[in-house]
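Colleague: The structure that follows is given in the form of structure tokens.
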Amino acid sequence: MKTIYITIALTIVTMLSINAQNDTNKSTAGIKGGYNLSSVSFDGNSETAKLHGFHIGFYGESYIGKHFSVQPEILYSQQGYKIIDNSGTYTQKLDYINVPLMFKMYPVKSFFLEAGPQIGFSISHKETFDSGFVLYDTSEEFEPKNFDWGINLGAGFKSDAGISLGARYHIGQNDIYDQDKPKNRVWQIYLGFEF
């Protein structure tokens, strides 16, 4: 738990120091949020059904020259997956605090490409099984690992007013459980607004 607080504190300090710089239009901070479409990849060759969710949080962006910037973020993210078979639908909802560090390139003024690492901390989970018959519906808990990490890739547009619209794909690299090598996969569509 200490690791979560330390990471959040360091990211907030980084964002505040980025926003406090005097270089005109070189550093900004804002809020962002959007839609998640998540699943889990098992053994690297099969993927579960998708689960809908959302993410919301804060970011800071610091420009390194005219075409490049670095953007640390702190996000609450609803993730998880569904497994649908003949016996019913198993759903696991996973809530994370994610801390991405994105490296952005602006090949043209309003369009950007982004990539970077992300660490995540599992803060809650909920499991349900729907068999289609009330007598057979059960709820069994599967405890995910507390720590997750992976790589993000994305692209988007940013207006002169500081409004961003983007899409991002998260490729988890850490196993959620000890068996079958399950890894997070998350599509995100987001809007960002600078302060």
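Colleague: Any residue at all in the stretch 93-105 that's without any contact (Cβ under 8 Å) to a residue 40 or more places away in the chain, surrounded by fewer than 17 Cβ atoms within 10 Å (Cβ to Cβ) and more than 18 Å from the chain's Cα centre (by Cα)?
Modeller: yes
Colleague: So which residues in the stretch 83-110 are at pLDDT below 95 and of a type in the set (Val, Ile, Thr)?
Modeller: Listed by number, the residues that qualify are Ile83, Ile84, Thr89, Thr91, Val108.
Colleague: Scan the stretch 154-164 and give yes if some residue there is within 14 Å of Gly30 (Cα to Cα), without any contact (Cβ under 8 Å) to a residue 40 or more places away in the chain, not in a loop (DSSP other than H, G, I, E, B) and not acidic (Asp, Glu), otherwise no.
Modeller: Yes, the stretch 154-164 has at least one match.
Colleague: On to the next question. For residues that are surrounded by fewer than 21 Cβ atoms within 10 Å (Cβ to Cβ) and among the charged types (D, E, K, R), scanning just the stretch 155-182, find the one that is nearest to Ser69 (Cα to Cα).
Modeller: Going through the qualifying residues, I end up with Asp160.
Colleague: Right, here's the next one. Tally the residues that are under 25 Å from Phe121 (Cα atoms), assigned to a strand (DSSP E or B) and not basic (Lys, Arg), restricting the search to the stretch 165-192.
Modeller: Going through the stretch 165-192 one residue at a time, the tally reaches 14.
Colleague: Another question, then. Looking at the stretch 49-60, can you tell me whether even one residue there is touching a His at 6+ places or on another chain (Cβ under 7 Å), modelled with pLDDT of 95 or more, under 23 Å from Phe142 (Cα atoms) and surrounded by 18 or more Cβ atoms within 10 Å (Cβ to Cβ)?
Modeller: no
Okay, residues lined up against (1) at pLDDT 80 or above; (2) surrounded by fewer than 11 Cβ atoms within 10 Å (Cβ to Cβ):
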site	(1), (2)
Ser122	yes, no
Lys126	yes, no
Phe129	yes, no
Phe133	no, yes
Glu143	yes, yes
Gly150	yes, no
Leu153	yes, no
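Colleague: Among what's in the stretch 107-118 and is surrounded by fewer than 18 Cβ atoms within 10 Å (Cβ to Cβ) and touching a residue at least 40 places away in the same chain (Cβ under 8 Å), pick the residue that is nearest to the chain's Cα centre (by Cα). Walk me through it before giving the result.
Modeller: First, pick out the residues of the stretch 107-118 that are surrounded by fewer than 18 Cβ atoms within 10 Å (Cβ to Cβ): 107-111, 113, 115, 117.
Narrowing further to those that are touching a residue at least 40 places away in the same chain (Cβ under 8 Å): 107, 110-111, 113.
Numbers: Pro107: 24, Ser110: 23, Phe111: 21, Leu113: 16 Å.
If we take residues in the stretch 107-118 being surrounded by fewer than 18 Cβ atoms within 10 Å (Cβ to Cβ) and touching a residue at least 40 places away in the same chain (Cβ under 8 Å), then Leu113 is nearest to the chain's Cα centre (by Cα).
Colleague: Give the stretch 70-79 a look and list any residue that's surrounded by fewer than 23 Cβ atoms within 10 Å (Cβ to Cβ) and over 18 Å from Tyr96 (Cβ atoms), or say none.
Modeller: Val70
Colleague: Let me ask something else about it. I'd like to verify a number: residues in the stretch 34-46 that are part of a strand (DSSP E or B) and either free of Cβ contacts under 8 Å to residues at least 40 places away in the same chain or under 17 Å from Pro144 (Cβ atoms) (or both), how many?
Modeller: 7
The values are calculated or read from the model by the stated rules, or taken from the named source; none is laboratory data. Note that the structure is predicted; figures quoted are calculated from it, not measured. Glycine also receives a Cβ, built like all others from the backbone with ideal geometry; neighbour counts cover every protein chain displayed.
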